[in-house]
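What follows is a single structure, written as structure tokens, with notes after it.
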Amino acid sequence: MAFEKLLTLKVGKTKSIKTMKKKVSSDMLPEYDFSNGVRGKYAKRFAEGSNIVLLSLDVYKNFPDSNSVNKALRTLTKNTQRNR
């Protein structure tokens, strides 16, 4: 739960979808043309190739990057398999 607080974004007051669309439209530069774009074209492929895990803050503090998490889990897995 503490880690979720760490990731929480300050958005301020909730806006309606219409207001948000107007804001996005006015910020879009003319050279960006998404008129032929397909929404979610690569979403399935991305979901299949990713595995996201949220760590609690106390665990997160002990593992600075994904390599250290993977190393610890591999060690734990090896030790567990040996003891069976």
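The values are calculated or read from the model by the stated rules, or taken from the named source; none is laboratory data. Here the structure is a predicted model, which means the values were calculated and not measured. In this analysis, Cβ positions are derived from the backbone assuming ideal geometry, glycine residues included, and neighbour counts consider all displayed protein chains.
On inspection, F63 fails the criterion of being in contact with a helix residue (DSSP H, G or I) (Cβ under 7 Å, 6 or more places away or on another chain), at pLDDT below 80 and among the aromatic types (F, W, Y). Once the range 1-39 is narrowed to residues that are among the small types (G, A, S) and more than 30 Å from D65 (Cβ to Cβ), the residue that is modelled with the highest pLDDT is G37. Residues of the range 30-84 that are of a type in the set (D, E, K, R) and more than 17 Å from the chain's Cα centre (by Cα): E31, D33, R39, K41, D58, K61, K71, R74, K78, R82, R84.
Could you say whether any residue in the range 30-43 is surrounded by 10 or more Cβ atoms within 10 Å (Cβ to Cβ) and either outside any helix (DSSP H, G or I) or not small (G, A, S) (or both)? Show your work before the answer.
Initial filter on the range 30-43 (surrounded by 10 or more Cβ atoms within 10 Å (Cβ to Cβ)): none.
Within the range 30-43 (the criterion being surrounded by 10 or more Cβ atoms within 10 Å (Cβ to Cβ) and either outside any helix (DSSP H, G or I) or not small (G, A, S) (or both)), the answer is no, since none of the residues qualifies.
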